[in-house]
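Enquirer: Would you mind keeping the following structure in view while I ask a few things?
The values are calculated or read from the model by the stated rules, or taken from the named source; none is laboratory data. None of the values given here were measured: they were computed from a predicted structure. Note that each Cβ is placed from the backbone with ideal geometry, even for glycine, and that neighbours are counted across all protein chains shown. Protein only, heavy atoms only, side chains kept; ligands, DNA and RNA dropped before computing areas. Shrake-Rupley method; radii C 1.70, N 1.55, O 1.52, S 1.80 Å.
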Amino acid sequence: MTHPETKRPTPNGLSPSDIPRVISWNTTFKCNLRCAHCYMSSDSQVELDELSTEEGKMLIDQLSELSKPVLILSGGEPLMREDIFELAKYGTEKGLKMAMGTNGTLIDDETAKKLAESGVRSVAISMDSARPEVHDDFRGVKGAWERAIEGTKACQRNGIAVRFNTTVTQQNFNEIEDILELADSLGLLDVQLFFLVPTGRGKEVEDITPEMYEQMIEDVLVKYADHPMTVKPTCAPQFMRIADQLGQDTSRWTRGCIAGMSYGRVYPQGDVTPCPYLPIKLGNIMEQSFADIWTNSPILKQLRDFDNLKGRCGLCEYKEKCGGCRARAYGMTTEFMDACGSIHEPHELQGDFLGEEPWCTYQPKGVE
């Protein structure tokens with residue numbers, strides 16, 4: 001079952017639902033923190049090839065030819081690239097909507113001003129606890145919490161919208177409400193709760209149970225249904241099914257898992273993958289255009305046909321709205337490599353990215 005929108009193909013042959021609307025570019029492996037859950041296994045001493053400034057601009061050119069997506073400059077820590085403001089400005093000039101994902105610790109008023117002048121209009125700052133000592137322990141550097149809060153305020157003073165990205169683990173599960181209250185007290189209008197995917201150092205972090213996932217998603221959807229601050233579960237596509245069961249309007253969201261559809265990732269070396277947590281190489285922008293990769297990848301064609309889903313996901317009446325986390329399905333059926341550069345070639349795949357979502361408790365109708 002392919003998308004209903006395939007009846008209205010776009011000029012490049014993609015259905016409207018498969019036009020890239022958000023691309024996350026891991027601009028660098030380098031990072032000034034040592035986060036326990038990092039899917040990139042990044043650190044400050046990494047010395048691997050990364051797209052140069054001119055190659056980065058070529059990537060932006062390729063993206064702008066296919067669509068005008070939101071381009072999230074991520075990492076590692078993107079502010080460790082000396083040319084990050086130049087790249088952001090170039091993307092803005094090409095009509096892309098520029099955003100950044102950062103730990104926030106390197107942002108002061110001068111940096112925030114440069115970001116604003118380069119066209120960055122929104123910044124996602126990682127925040128994993130309302131308690132400084134817990135956040136610092138998780139991030140691996142003392143003082144990270146305080147500097148992230150100061151980075152948040154510096155962005156706000158310079159007209160940049162800020163949201164918190166919070167990775168939910170056993171360590172902070174019982175203080176998620178405190179984190180949301182912290183965000184609200186700072187005037188943030190958006191928080192995304194990321195549910196752990198087993199990749200990079202994230203394999204070693206103790207995850208919450210499927211039942212805890214389910215209950216937290218329901219609690220958040222109910223409590224923040226009419227709240228000015230938007231709270232969205234991420235890497236938890238079952239939130240679409242839960243919202244539907246609660247009688248909520250799901251039309252404001254496109255689908256639970258959008259990996260390889262409206263969302264994709266570019267690795268520091270130019271490899272394209274369906275999402276940051278699904279490290280399957282689709283192609284490299286130094287060898288073929290992003291449009292060619294996005295349009296013709298056999299892996300993406302499999303992902304976009306929902307009839308290919310297996311197990312409970314394939315039998316589920318919510319497979320078009322939810323689809324299950326493809327990265328978690330893959331990660332739970334293979335051993336992810338921990339070192340940077342651990343992109344899996346399609347002919348080497350050991351896991352099953354089309355398998356059922358292992359962290360979903362729902363039993364589809366008619367299935368025993």
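Enquirer: Taking the range 140-163, which residues are more than 18 Å from the chain's Cα centre (by Cα), of a type in the set (D, E, K, R) and either open to solvent by less than 60 Å² (accessible area, probe 1.4 Å) or closer than 24 Å to Gly91 by Cβ (or both)?
Expert: Arg157
This table checks each residue for (1) closer than 26 Å to Phe194 by Cβ; (2) open to solvent by 50 Å² or more (accessible area, probe 1.4 Å); (3) of a type in the set (A, V, I, L, M); (4) in contact with a Leu (Cβ under 7 Å, 6 or more places away or on another chain).
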position: Gln288; (1), (2), (3), (4): no, yes, no, no
position: Ala291; (1), (2), (3), (4): no, no, yes, yes
position: Ile299; (1), (2), (3), (4): yes, no, yes, yes
position: Gln302; (1), (2), (3), (4): yes, yes, no, yes
position: Asn308; (1), (2), (3), (4): yes, yes, no, yes
position: Gly311; (1), (2), (3), (4): yes, no, no, no
position: Leu315; (1), (2), (3), (4): no, yes, yes, no
position: Tyr318; (1), (2), (3), (4): yes, no, no, no
position: Arg326; (1), (2), (3), (4): yes, no, no, yes
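Enquirer: Another question about this same structure. Taking only pairs six or more apart or across chains, which ones have beta-carbon atoms under 6 Å, a first residue in the range 278-290 that is under 17 Å from Leu66 (Cβ atoms), and a second residue that is open to solvent by 10 Å² or more (accessible area, probe 1.4 Å) and part of a loop (DSSP other than H, G, I, E, B)?
Expert: Within 6 Å, no pair qualifies.
Enquirer: For the range 107-130, how many residues meet the condition of being surrounded by fewer than 22 Cβ atoms within 10 Å (Cβ to Cβ) and either modelled with pLDDT under 95 or among the acidic types (Asp, Glu) (or both)?
Expert: Residues in the range 107-130 being surrounded by fewer than 22 Cβ atoms within 10 Å (Cβ to Cβ) and either modelled with pLDDT under 95 or among the acidic types (Asp, Glu) (or both): 4 in total.
Enquirer: Go through the range 120-160 residue by residue and tally those that are part of a strand (DSSP E or B), out of contact with any Asp or Glu (no Cβ under 9 Å at 6 or more places or on another chain) and of a type outside the set (A, V, I, L, M).
Expert: 1
Enquirer: Give the range 63-73 a look and list any residue that's in contact with a Ser or Thr (Cβ under 7 Å, 6 or more places away or on another chain) and open to solvent by 20 Å² or more (accessible area, probe 1.4 Å), or say none.
Expert: Answer for the range 63-73, where residues must be in contact with a Ser or Thr (Cβ under 7 Å, 6 or more places away or on another chain) and open to solvent by 20 Å² or more (accessible area, probe 1.4 Å): just Ile72.
Enquirer: Also, I was wondering about something else. Is it true that Gly270 is over 19 Å from Ser17 (Cα atoms), open to solvent by less than 10 Å² (accessible area, probe 1.4 Å) and not aliphatic (A, V, I, L, M)?
Expert: Yes: the conditions hold for Gly270.
Enquirer: Looking only at residues in the range 1-57 that are of a type in the set (S, T, N, Q) and part of a helix (DSSP H, G or I), which one is modelled with the highest pLDDT?
Expert: By that ranking, first place goes to Thr53.
Enquirer: Of the conditions (1) of a type outside the set (S, T, N, Q); (2) closer than 30 Å to Ile217 by Cβ; (3) open to solvent by 20 Å² or more (accessible area, probe 1.4 Å), Gly104 clears all except one; give me its number.
Expert: (3)
Enquirer: Pull out all pairs, ordered by first then second residue, where Cβ-Cβ is under 6 Å, the residues are six or more apart or on different chains, the first lies in the range 165-180 and is within 9 Å of Ser129 (Cα to Cα), and the second is open to solvent by 20 Å² or more (accessible area, probe 1.4 Å) and not in a strand (DSSP E or B).
Expert: So the pair list comes out as Glu175/Ala130; Asp178/Ala130; Ile179/Ala130.
Enquirer: Would you point out which residue out of Leu106, Leu73, Leu79, Leu115 is touching a residue at least 40 places away in the same chain (Cβ under 8 Å) and part of a helix (DSSP H, G or I)?
Expert: Leu115
Enquirer: Looking at Gly256 and the list (1) at pLDDT below 95; (2) under 17 Å from the mean Cα position of the chain (by Cα), which single condition is not satisfied?
Expert: Single failed check for Gly256: (1).
Enquirer: Failed condition for Ala88, given (1) under 30 Å from Pro16 (Cβ atoms); (2) within 16 Å of the chain's Cα centre (by Cα), with all others met?
Expert: Looking at each condition in turn, Ala88 falls short on (2).
Enquirer: For the range 273-289, how many residues are within 13 Å of the chain's Cα centre (by Cα) and farther than 16 Å from Pro20 by Cα?
Expert: 3
Enquirer: Please go through (1) under 18 Å from the mean Cα position of the chain (by Cα); (2) in a helix (DSSP H, G or I) for Met261 and return the number of the only condition it doesn't satisfy.
Expert: (2)
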